[in-house]
Amino acid sequence: MPVGEDTITVEFAGTDDMRSDKMENDKVLDAFNAASSDYDKYRKQAIPNMDIYYNTVIKLTQEYENPKILDLGAGTGILTELLYKQHPNSEITLVDLSEDMLNIAKEKFREHDFRYVIADYLRHDFEEEYDIVVSSLSIHHLTDEEKIVLYTKIYNILSQGGVFINADQVNGATDYTEQIYKKQDADHLDKQNIPEEEKQILRDRRKLDKPAKLSDTIRWYEDIGYKNVDVYYKYYRYFVIAGEK
Ligand SMILES: C[S@@+](CC[C@H](N)C(=O)[O-])C[C@H]1O[C@@H](n2cnc3c(N)ncnc32)[C@H](O)[C@@H]1O
């Protein structure tokens, strides 16, 4: 992969693998369309320390004045809302595969002039630059190969000095630590006061997750050319990573 240029291209083979990834994508789309109406209701129970986790992202954007913001996999706009509170005069674009999820966001933000793009962010052609690109709990649905393509694509649409902040999930560094993460996920969900049916939906949706290892993620960012790559939050598999252009 070429490094250090302003614009970077990565080859991505359109093979049988990609066709099966497309089918995987359809499963993700179906799962989030189906979840959309109740999605916000149980988020705080589903995500440990959600306030600290999401606010870590917001804090990392504080130094930017009226930034142009892109929220990838914005869903119902939980992170977008926090971004808007921090940057009320910004131009904000929400991208998501699921129209149903974005429709909830549209309704929530009907008084704001946000932009909405229903698209697979991996395949969508972004034509503008952004000062801040964020994503929360979305990119772990991609294969590792696709993650590298997306991280590169994001680098290419960041303005100089811009930042990409990703709040997502990682795999354990070893099989042993992955088992510890799995147990933590299961124990956390088991003890939440939410309907059993909803817990099962969350357990089923976890089967679509494909998190990468943190060490690989940091290396990919640095290889692509991101500067000051660091991890600002981590709790078991939940982490916030940021890198600048
Ligand atoms: C767990 S939700 C997170 C939503 C929101 N960011 C939040 O923090 O609540 C993941 C979202 O990513 C979207 N998503 C997954 N893969 C995507 C892709 N390839 N392109 C666009 N959106 C995608 C899903 O449709 C879903 O709305």
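If you take the charge dipole of the range 118-245 about its Cα centre, with +1 on Lys and Arg Cβ and -1 on Asp and Glu Cβ, which of Asn171, Gln192, Tyr221 is farthest toward its positive end? My answer, from the dipole projection, is Gln192. Largest mean-square fluctuation among Ala31, Ala46, Ala186, in a Gaussian network model of the chain whose springs join Cα atoms under 10 Å apart, belongs to Ala186.
Is the range 27-136 best put as rounded, prolate or oblate by its Cα gyration tensor, with a ≥ b ≥ c the root eigenvalues, rounded for a/c under 1.5, and otherwise prolate when a/b is larger than b/c, oblate when not? Since a/c reaches 1.5 but b/c is at least a/b, the shape of the range 27-136 is classed as oblate. Here is the list for the range 113-167: GluC sites (Glu not before Pro) lying in DSSP coil, each with at most 12 other C-beta atoms within 10 angstrom of its C-beta, are Glu127, Glu128. Pairwise Cα separations in the range 149-204 fall into 5 Å bins from 0 onward with the following percentages, short to long: 4, 14, 16, 14, 12, 13, 12, 11, 4, 0. Dipole check for the chain: with +1 at the C-beta of Lys and Arg, -1 at the C-beta of Asp and Glu, and the Cα centre as origin, the magnitude is about 800 Debye. Distances between every pair of Cα atoms in the range 182-245, grouped in 10 Å steps from 0 to the bin holding the largest one, split as 17, 38, 25, 17, 3 percent. Among the trypsin sites (Lys or Arg not before Pro) found in the range 25-134, those both in a DSSP coil and sparsely packed, with 15 or fewer other Cβ atoms within 10 Å of their Cβ, are Arg110, Arg123. Per-residue ellipticity at 222 nm from helix content only, as computed over the chain with -39500 (n - 2.57) for each DSSP H run of at least four residues, stands at -13000 deg cm²/dmol. Note: relative contact order over the chain, using C-alpha pairs below 8 Å and six or more positions apart, is 23 percent.
For the range 16-244, the average shadow cast by the Cα convex hull is 12.0 nm², which is a quarter of the hull's surface.
Among Pro88, Pro67, Pro211, whose mean-square fluctuation peaks in a Gaussian network model of the chain (Cα, cutoff 10 Å)? Comparing Pro88, Pro67, Pro211 in a Gaussian network model of the chain, the most mobile one is Pro88.
Values quoted throughout were computed directly from the atomic coordinates according to the rules given, and no laboratory measurement underlies them. Computed from a predicted structure; not experimentally measured. Quick reminder, even Gly has a Cβ in these numbers, built from the backbone with ideal geometry, and neighbours come from all protein chains shown.
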